[in-house]
Amino acid sequence: MKTDDLISLLATGVGAVEPHAVERRYAKAIGGGTIGALALMLSMLNIRPDLAEAVRLPMFWLKIGFVASLVAASLFAALRLSRPGARLDWIPGVIAAPVLIMWAIAIFTLIQADPAQRSGLFLGSTWSVCPFLIALISVPVFVAAMWAMKGLAPTRLRFAGFAAGLFSGATAALVYCLHCPEIEAPFIGFWYLLGMLIPAGVGAVLGRVLLRW
Amino acid sequence: MQRTTREEGWRAKEVHLRELLLGGLAGDNPAYQAFLRELSSHLRAFLRKRLARLPDEVEDLVQESLIAVHNQRHTYDPGQPLSAWVQAIARYKLIDLLRRRAGQDLLNEPLDDEADFFSTSDAEAAEARRDLNKLLDKLPDQHRLPIIHTKLDGLSVQEAAKLTGMSESAIKVGVHRGLKALAAKIRGGT
């Protein structure tokens with residue numbers, strides 16, 4: 001078949017393409033993935049009993065803000081990386097900003113604290129499980145985000161896998177906030193970030209294989 | 001002076017092709033066909049320049065890239081330069097081919113400006129090495145029949161569904177997956 005015949009074949013009988021196909025696909029993935037993450041969290045862990053009191057603390061909202069801004073920034077990155085030739089522009093900076101702000105608060109907290117309390121601020125009481133629970137809860141979102149991206153056209157597979165993984169980790173961390181008793185900046189800035197970076201790293205490694213089209 | 005004329009040339013081309021594509025995405029098939037036809041010339045020039053040492057691969061890769069552009073057309077954002085979108089797809093398919101051929105030395109081409117994509121075009125198609133008709137025959141029925149009925153015989157999805165006893169969504173899915181499988185066969189040989 002000549003190329004001209006292929007072109008007629010491709011152009012025959014095609015209808016209109018639904019606008020905003022990329023956004024729609026991600027909306028489905030986010031919905032399904034988040035429900036999965038919530039279900040997984042509730043099947044393993046309880047919602048922290050003192051949630052009603054915790055929501056009155058500014059530090060609780062700082063933590064939510066940190067995680068939520070990473071959800072948003074990594075989603076922007078994933079959307080851009082799903083389209084061939086789209087530029088990342090300011091997005092890496094937007095991903096780095098909440099991390100740097102949280103680190104600055106953490107350093108300030110540690111400097112101000114009594115030296116005897118510093119290790120407690122950093123380790124909390126759940127450091128040994130926190131990153132793994134976040135990574136585990138991220139699995140449904142990870143699968144959904146990879147599915148969304150796979151049906152689009154990422155051309156930089158490593159970055160795309162990293163962004164999808166970071167998005168699933170950050171969404172999982174947001175869900176995990178309902179359970180997690182930790183609230184101190186040094187803890188959040190390290191263990192939460194580590195938990196989110198696990199699926200991001202896995203995404204970067206698997207992206208080259210899983211996201212090919 | 002000459003530079004400005006060239007620049008104006010590809011800008012006009014970009015505007016023109018973008019209009020055709022947007023028309024096609026809205027359901028205007030003649031515009032879409034014109035878009036693919038003009039695009040194929042640019043793809044050919046782009047790939048021929050970069051595959052100077054593998055001239056036999058050029059037309060196969062043009063066809064593979066056209067199928068990729070078609071299958072991924074929903075990822076084009078109207079706010080984005082068309083040349084950047086098309087070039088990213090062509091480059092992705094090109095690198096994919098070079099990886100498969102392990103011709104790593106060919107990757108050392110200097111990267112050029114994406115705006116340049118529409119400045120060259122090459123309408124003269126060489127024969128593709130693989131005959132798409134033969135490749136089409138090798139697809140399983142649930143992919144082959146939807147393509148033959150809706151694409152080659154020009155039936156509507158509804159008519160094709162009635163004729164084959166498949167559901168309408170199976171026809172649509174079959175066309176999409178079948179085109180993907182076809183691209184994979186162009187890539188993988190016989």
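Values for this structure:
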| quantity | calculated |
| --- | --- |
| Matching residues in segment A:1-31 - criterion: being within 22 Å of the chain's Cα centre (by Cα) and facing chain B (nearest Cβ under 7 Å) | A:Ala21, A:Val22 |
| Filtered residues of segment B:122-147 (kept if modelled with pLDDT of 85 or more and surrounded by 19 or more Cβ atoms within 10 Å (Cβ to Cβ)) | B:Leu139, B:His143, B:Leu145, B:Pro146, B:Ile147 |
| Residue check, B:Ala26 surrounded by fewer than 18 Cβ atoms within 10 Å (Cβ to Cβ), facing chain A (nearest Cβ under 9 Å) and of a type in the set (A, V, I, L, M) | yes |
| Test: residue in segment B:97-117 that is in the same structural domain as B:Lys180 (by TED's automatic domain parsing), assigned to a helix (DSSP H, G or I) and at pLDDT 80 or above | no |
| Matching helices (runs of 4 or more DSSP H) fully within segment A:46-144 where at least 1 residues are more than 18 Å from A:Gly189 (Cβ to Cβ) | A:51-54, A:58-81, A:91-112 |
| Single residue of segment B:123-175 satisfying the filter (among the polar types (S, T, N, Q) and at the interface with chain A (Cβ under 9 Å from one of its Cβ atoms)) that is farthest from B:Leu43 (Cα to Cα) | B:Ser156 |
| Qualifying position, being surrounded by fewer than 16 Cβ atoms within 10 Å (Cβ to Cβ), out of contact with any Pro (no Cβ under 6 Å at 6 or more places or on another chain) and either modelled with pLDDT of 95 or more or among the basic types (Lys, Arg) (or both), among A:Arg156, A:Arg118 | A:Arg118 |
| Residue list for segment B:75-87, restricted to those being free of Cβ contacts under 8 Å to residues at least 24 places away in the same chain and either in a helix (DSSP H, G or I) or facing chain A (nearest Cβ under 7 Å) (or both) | B:Thr75, B:Asp77, B:Gln80, B:Trp85 |
| Output for segment A:39-76, where each listed residue is closer than 23 Å to A:Val143 by Cα, buried (at least 16 other Cβ atoms within 10 Å of the Cβ) and under 19 Å from the mean Cα position of the chain (by Cα) | A:Leu40, A:Met41, A:Val67, A:Ala68, A:Ser69, A:Leu70, A:Val71, A:Ala73, A:Ser74, A:Leu75, A:Phe76 |
| Residue count for segment A:168-213, restricted to those that are outside any loop (DSSP other than H, G, I, E, B) and more than 18 Å from A:Ala39 (Cα to Cα) | 26 |
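Conditions tested, residue by residue: (1) small (Gly, Ala, Ser); (2) farther than 20 Å from B:Lys180 by Cβ; (3) facing another protein chain (nearest Cβ under 9 Å).
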| site | (1), (2), (3) |
| --- | --- |
| B:Arg37 | no, yes, yes |
| B:Arg50 | no, yes, no |
| B:Leu54 | no, yes, no |
| B:Asp60 | no, no, no |
| B:Glu64 | no, no, no |
| B:Ile67 | no, no, yes |
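The values are calculated or read from the model by the stated rules, or taken from the named source; none is laboratory data. Note that the coordinates shown come from a computational prediction; the quantities given were computed from them, not determined experimentally. Because the Cβ atoms are built from the backbone with ideal geometry, glycine has one as well, and the counts that use them run over all protein chains shown.
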